[in-house]
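To start, the structure under review is shown below, and the notes come after it.
The values are calculated or read from the model by the stated rules, or taken from the named source; none is laboratory data. The structure presented is a predicted model; accordingly, all values stated were derived computationally and were not measured. Every residue, glycine as well, gets a Cβ built from its backbone with ideal geometry; the counts of neighbours run over all protein chains shown. Surface accessibility is based on the protein's heavy atoms, side chains included, excluding ligands, DNA and RNA. Shrake-Rupley method; radii C 1.70, N 1.55, O 1.52, S 1.80 Å.
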Amino acid sequence: MTLPMEVPAAGLPARVRIHEVGPRDGLQNEKATVPTAVKAEFVRRLAEAGLTTVEATSFVHPRWVPQLADAEELFPQVAALPVDLPVLVPNERGLDRALALGARRVAVFASATESFAKANLNRTVDEALAMFAPVVARAKAAGVHVRGYLSMCFGDPWEGAVPLPQVVRVCRALLDLGCDELSLGDTIGVATPGHVTALIDALTAEGVPVDVLGVHFHDTYGQALANTLAALQRGVSTVDASAGGLGGCPYAKSATGNLATEDLVWMLRGLGIDTGVDLGRLVATSEWMAAHLGRPSPSRTVRALSHQEP
Ligand code: MG
């Protein structure tokens, strides 16, 4: 299989942890129900490809996300895998369900904008934070790692550009609740590299350590890798990605969504940055899932590596 030439660049982290979101963020908007056994196989193949963090599912109410209504069936099928398996929890009920199954990592999901908080959670930003407070506190008391997702960190489909101080305030609030890690989401994919640098600088200026930051870019306008590189140049070493580029945002018109894990691995490998991921196995996994879903992966790297002559 073709691999990129390795030419390291200065000023980048030696290692990057990929937070794989395919089974959760990637599948959650799929219309046709994916069988639980296929999801479990997907998680297993991702772990075998070398991903060390695989976000497995979501304990939101089944009515909100019917595709992930099988969280109770799925989680025990993958729980013994030797990888971190974070799960989404929206509230204390979701946390109870996740803890009962032995989840050791959970994630809450806040919004930087009032419009998306209203659309996604039917709450104001501060009401959502108040809802998460006991979730984070109880998770921490149980020794469980908590990730805080923050949506709409750059632009919002209703509000346009999102002011940096507004994002910094909610990040600060999530850390004050006790979140161990934040994921800065460009939910509609409108960020460009200078904006990414400006946000990370604004956060570090307010005392947020760069090592608690992860980035979650969407490739709607083809900017996800450029934005990732900008974040790496500022010291970020956790990057969210979705195998095969599965998933997206229901609020963005374009079908392109999450940064594809293969595209990320290709760039990192070229930069000589270790991820532990076997690109061939990962591509094979995304081809397998694409066959199941009945449409090709939008990942450039998957397509390039899938159609080569031997
Ligand atoms: Mg996403």
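How do the pairs read when you match residues in segment 122-141 that are of a type in the set (Lys, Arg) with residues anywhere that are not in a helix (DSSP H, G or I), using Cβ under 6 Å and keeping only pairs 6 or more apart or on different chains?
140/178
Considering (1) under 14 Å from residue 170 (Cβ atoms); (2) surrounded by 17 or more Cβ atoms within 10 Å (Cβ to Cβ), say which one residue 78 fails and leave the rest.
Residue 78 satisfies every listed condition except (1).
State all residues of segment 1-40 that are open to solvent by less than 60 Å² (accessible area, probe 1.4 Å) and either aromatic (Phe, Trp, Tyr) or within 16 Å of the ligand (Cβ to nearest atom) (or both); if no residue qualifies, say none.
18, 19, 20, 21, 22, 23, 24, 25, 26, 27, 28, 30 - these are the residues of segment 1-40 that are open to solvent by less than 60 Å² (accessible area, probe 1.4 Å) and either aromatic (Phe, Trp, Tyr) or within 16 Å of the ligand (Cβ to nearest atom) (or both).
Tally up the residues in segment 41-51 that are surrounded by fewer than 16 Cβ atoms within 10 Å (Cβ to Cβ) and either within 16 Å of the ligand (Cβ to nearest atom) or in a loop (DSSP other than H, G, I, E, B) (or both), please.
0
For segment 94-103, does any single residue satisfy the condition of being assigned to a loop (DSSP other than H, G, I, E, B), under 16 Å from the mean Cα position of the chain (by Cα) and surrounded by 15 or more Cβ atoms within 10 Å (Cβ to Cβ)?
Taking every residue of segment 94-103 in turn, none turns out to be assigned to a loop (DSSP other than H, G, I, E, B), under 16 Å from the mean Cα position of the chain (by Cα) and surrounded by 15 or more Cβ atoms within 10 Å (Cβ to Cβ).
Here's the yes/no breakdown for (1) closer than 25 Å to residue 20 by Cα; (2) in contact with a helix residue (DSSP H, G or I) (Cβ under 7 Å, 6 or more places away or on another chain):
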| residue | (1), (2) |
| --- | --- |
| 102 | yes, no |
| 120 | yes, no |
| 126 | no, no |
| 133 | no, yes |
| 164 | no, yes |
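Search segment 115-172 for residues being at pLDDT 95 or above and polar (S, T, N, Q), and hand back the single one that is surrounded by the fewest Cβ atoms within 10 Å (Cβ to Cβ).
124
All but one of (1) within 18 Å of the chain's Cα centre (by Cα); (2) modelled with pLDDT of 90 or more hold for residue 271; which doesn't?
Failing condition for residue 271: (1).
Mind checking which helices (runs of 4 or more DSSP H) fall wholly inside segment 258-310 and carry at least 3 residues that are open to solvent by 50 Å² or more (accessible area, probe 1.4 Å) and in contact (Cβ under 8 Å) with a residue 40 or more places away in the chain?
279-293
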